[in-house]
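Visitor: Sharing a structure below in structure tokens format, with a few things to ask.
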Amino acid sequence: MRSKRPIAATASALALALALAACGANGNGNSGNGDGGGTSSGGAVTSLTVLDYYNNDPDKALVQKGLDACGTKLGISIQRETVPGDTLIQKVLQQASSKTLPDVLMLDNPDVQQIAATGALAPLNDLGLNADGVIQGMVDATSYQGKLYGLAPVTNTLALFYNKDMLAEAGVQPPKTWDELKAAAKKLTKPGRYGIAFNANATYEGSWQFLPAMWTNGGDETDLKSPQVAEALQLWVDLVQSGSASKSVINWTQGDAKDQFVAGKAAMMVNGPWQIPALQENPKVKWDVVTFPLNKPDQTPVAPLGGEAWTVPLNKDQAKQQKAADFVKCLNSDENELAWAKARFTLPTKTALLDQYAKDVPSMKAFAEQVKTARSRTGKLGDKWPDAAKVIYQAIQLALTGKASAQDAFKQASGG
Amino acid sequence: MAQATLTRSVAVRRQRGRRGESLTKVLFVLPAALAMAALFGYPVVKNVVMSLQDYSLRTFFTGQAPFVGLKNYAAMVSDQLFSQAMVNTALFTIGSIAFQFSIGLALALFFRRNFPLGGLLRSLLLLPWLLPLIVSSATWRSILEQDNGILNRTLTGLHLIDQPVPWLNSPSVALIAVIGVNIWIGIPFNVTLLYSGLSEIPDELYEAGQLDGATGRRAFVHITWPNLRAVAGVLLMLGVVYTIKVLDIILGLTGGGPANATQTLATQSYERSFVDFKFGEGAALSNLLIGLSFLFAIFYLRSTRRAVDE
């Protein structure tokens with residue numbers, strides 16, 4: 001009797017150890033997706049965590065509607081977290097290092113390739129998703145090394161807003177060429193008012209605003225020292241040096257440009273459709289939008305694509321990863337694209353939806369046209385785009401402050 | 001019997017006590033040492049290690065940061081903005097501290113005289129210090145705006161200038177404007193410390209000095225300044241350490257622009273880490289900043305030790 005005891009004790013200890021090991025394995029499996037509560041024992045996914053940066057209403061509530069609709073459709077609950085736009089990447093980095101990335105992650109489209117390059121995202125092709133019918137520019141932005149890593153239901157771009165009353169008063173037609181733009185801006189400038197407002201600050205935002213001019217004129221980010229790029233920069237320089245645009249553009253954000261426009265201190269502005277809700281709050285300002293003017297009449301306007309893509313971070317829990325991919329697919333259904341585009345003044349990313357959309361929402365007509373030919377910032381350079389963007393905004397700053405001519409600015413900014 | 005046990009136990013306790021005493025000393029130091037190691041040692045060591053690694057976006061996802069030796073430091077020194085950032089940091093630090101200190105001293109001397117509402121005014125003077133820096137810089141950004149800023153409007157209204165001054169828009173003026181704002185923010189700190197330093201000087205010294213004919217400027221040179229030197233030393237040392245790493249004010253006002261005219265080591269370090277995601281190079285730059293601050297701290301400690309020895 002006595003002699004058997006140690007054996008029993010050993011056996012029970014062994015059983016306990018096995019049980020603990022089993023628990024441990026389970027725990028590891030769950031901590032991988034950073035949620036834990038989502039997977040029930042049978043493997044059925046009951047909830048997904050979502051991270052995005054639409055942290056202000058009305059966007060926040062409008063996006064929530066779309067998320068909830070897809071959640072209901074897939075029979076899951078959504079745990080959503082929103083953070084301010086400029087802190088999203090930092091948040092993602094924190095979550096990545098603590099292995100607590102959400103199941104579905106929203107990223108600004110030029111960031112998708114950079115994050116995909118780190119190996120954090122699941123290729124969507126393997127999960128049954130594709131980008132059929134999506135405008136090429138967006139496909140370029142959300143693909144990395146031939147694989148699709150994100151899908152953007154809606155997009156936006158830049159065009160030229162103008163104040164109808166001011167143009168009518170000055171007898172100016174909305175400009176179609178750069179010469180007309182310069183002449184119009186000059187004519188519309190008077191004490192206390194500038195002809196045009198844009199953003200040329202030393203951030204990626206300043207580079208983004210420069211792209212319509214640069215790309216429309218045939219400039220390319222792979223060859224920033226080309227005469228076409230210099231010509232585009234000369235347009236910015238001319239507008240500022242003639243006094244048609246404020247010298248403060250080198251510090252302005254797009255929000256500042258909009259504020260100037262709303263306050264009647266600028267007759268035109270380069271800006272995007274996300275400003276429309278703010279413009280509608282000021283019914284006194286009568287405005288319209290045209291595509292970005294051309295340098296030569298035979299050019300087509302090429303603007304950059306904005307908007308956010310939804311991605312699926314890699315997840316050890318296959319069922320959950322698949323559900324997250326299904327969720328992204330649902331967000332990119334025709335139905336949701338149109339709903340979000342209409343409610344949030346953005347544009348559907350599927351070519352087939354654009355024409356009907358422009359008819360339904362006339363204020364977005366110029367943007368809908370602009371989007372068809374628009375390019376993505378990361379389409380050619382991929383995760384090297386930030387380097388080029390930096391050279392672009394540095395060159396703009398050098399030229400607008402008179403430290404370099406438009407011809408030399410890019411050379412100087414790129415350190416050669 | 002009872003007596004004997006007692007004495008023995010006291011003796012044992014004493015013996016143990018001696019050993020315990022040194023243990024107690026260690027135990028007293030331990031929490032502070034642990035706190036130092038965790039809160040100061042770890043970040044510094046981590047920062048040094050990081051500066052020797054290729055610490056990029058990828059590192060956060062894979063946990064891998066290859067060792068690259070001094071490559072980050074080489075990249076830092078060879079960057080085309082490095083020398084400009086060094087010069088700007090020096091100008092920013094020296095300019096800020098010179099004016100903060102002299103204006104602060106003048107105001108402290110002024111408030112030393114008792115006059116009605118002096119206390120209230122002195123506490124109002126603290127306001128710039130109480131405002132969150134990001135609020136101050138946003139406010140100053142609108143004040144310094146070229147076209148509609150209140151400063152240019154006032155100056156043109158007073159016919160002091162014909163053309164609006166491009167405070168934040170011209171590479172040749174922006175650094176001066178940024179230094180000006182930093183001086184404004186730093187004055188309260190200087191006034192407060194210098195005022196308390198002045199209050200420490202006993203009135204008898206001035207009375208005795210008066211008998212010997214030391215009044216006005218001579219009283220300042222022979223009584224006030226020698227007694228204020230210790231406070232001034234601390235103040236200048238802290239000033240350098242605070243100012244050399246100023247980030248939020250510059251980011252809020254100019255973001256380092258226009259055309260990099262207000263880039264300092266601190267803004268460059270921030271940009272490397274959080275815009276370019278080259279955390280290794282960012283760490284190299286911040287190590288340089290830590291090193292510079294450390295130099296000033298050593299300089300200060302040595303000068304005070306000499307003062308104590310005297």
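The values are calculated or read from the model by the stated rules, or taken from the named source; none is laboratory data. Values in this document were obtained by computation on a predicted structure and should not be read as measured data. Cβ sites come from the backbone with ideal geometry, for glycine too, and all protein chains shown count toward neighbours.
Visitor: Looking at the range B:89-121, which of its residues are surrounded by 14 or more Cβ atoms within 10 Å (Cβ to Cβ) and over 22 Å from the mean Cα position of the chain (by Cα)?
Guide: The answer is B:LEU109, B:PHE110, B:PHE111, B:ARG112.
Visitor: Out of B:SER56, B:SER51, B:SER78, which single residue is away from chain A (no Cβ under 14 Å) and either surrounded by 13 or more Cβ atoms within 10 Å (Cβ to Cβ) or without any contact (Cβ under 8 Å) to a residue 24 or more places away in the chain (or both)?
Guide: Exactly one residue qualifies, and that residue is B:SER51.
Visitor: Pick from A:VAL289, A:VAL312, A:VAL262: which is within 30 Å of A:GLN228 (Cα to Cα), in contact with a helix residue (DSSP H, G or I) (Cβ under 7 Å, 6 or more places away or on another chain) and either within 14 Å of chain B (Cβ to nearest Cβ) or surrounded by 19 or more Cβ atoms within 10 Å (Cβ to Cβ) (or both)?
Guide: A:VAL289
Visitor: Another one. So A:GLU369 passes all but one of these: (1) closer than 18 Å to A:GLN136 by Cβ; (2) assigned to a helix (DSSP H, G or I); (3) touching a helix residue (DSSP H, G or I) at 6+ places or on another chain (Cβ under 6 Å); (4) not aliphatic (A, V, I, L, M). Which condition number does it fail?
Guide: If we test A:GLU369 against (1) closer than 18 Å to A:GLN136 by Cβ; (2) assigned to a helix (DSSP H, G or I); (3) touching a helix residue (DSSP H, G or I) at 6+ places or on another chain (Cβ under 6 Å); (4) not aliphatic (A, V, I, L, M), just (3) comes out false.
Visitor: Moving on. Taking the range A:72-104 as the region of interest, how many residues are touching a helix residue (DSSP H, G or I) at 6+ places or on another chain (Cβ under 7 Å), part of a helix (DSSP H, G or I) and either at pLDDT 95 or above or of a type in the set (Lys, Arg) (or both)?
Guide: Summing the residues that are touching a helix residue (DSSP H, G or I) at 6+ places or on another chain (Cβ under 7 Å), part of a helix (DSSP H, G or I) and either at pLDDT 95 or above or of a type in the set (Lys, Arg) (or both) in the range A:72-104 gives 1.
Visitor: Looking at (1) surrounded by 22 or more Cβ atoms within 10 Å (Cβ to Cβ); (2) within 23 Å of the chain's Cα centre (by Cα); (3) not aromatic (Phe, Trp, Tyr), which is the one condition that is false for A:ALA245?
Guide: (2)
Visitor: Right, here's the next one. Quick one: which of A:GLN95, A:GLN79 is over 27 Å from A:PRO273 (Cα atoms), among the polar types (S, T, N, Q) and within 14 Å of chain B (Cβ to nearest Cβ)?
Guide: Selected residue: A:GLN95, the only one of A:GLN95, A:GLN79 that is over 27 Å from A:PRO273 (Cα atoms), among the polar types (S, T, N, Q) and within 14 Å of chain B (Cβ to nearest Cβ).
Visitor: Ok, one more. If I ask for residues that are more than 14 Å from every other protein chain (Cβ to nearest Cβ) and of a type in the set (A, V, I, L, M), which ones from the range B:129-143 would you list?
Guide: If the condition is that a residue be more than 14 Å from every other protein chain (Cβ to nearest Cβ) and of a type in the set (A, V, I, L, M), then B:LEU130, B:LEU131, B:LEU133, B:VAL135 are the ones that fit.
Visitor: May I pose another question? Quick one: which helices (runs of 4 or more DSSP H) lie wholly within the range A:105-206 and hold at least 2 residues that are more than 19 Å from A:VAL237 (Cβ to Cβ)?
Guide: The qualifying helices (runs of 4 or more DSSP H) are A:109-117, A:136-142, A:164-170.
Visitor: Filtering the range B:201-221 down to residues that are closer than 20 Å to B:SER102 by Cβ and out of contact with any helix residue (DSSP H, G or I) (no Cβ under 7 Å at 6 or more places or on another chain), which residue is modelled with the lowest pLDDT?
Guide: Among residues in the range B:201-221 that are closer than 20 Å to B:SER102 by Cβ and out of contact with any helix residue (DSSP H, G or I) (no Cβ under 7 Å at 6 or more places or on another chain), the one modelled with the lowest pLDDT is B:GLY216.
Visitor: Give me the pairs, please: first residue somewhere in the range B:136-154 and in contact (Cβ under 8 Å) with a residue 60 or more places away in the chain and crowded, with 20+ Cβ neighbours inside 10 Å, second residue anywhere and aromatic (Phe, Trp, Tyr) and assigned to a helix (DSSP H, G or I), beta-carbon distance under 9 Å, and either six or more positions apart or on two chains.
Guide: Short answer, once both residue conditions are applied: B:SER136/B:TRP184; B:TRP140/B:TRP184.
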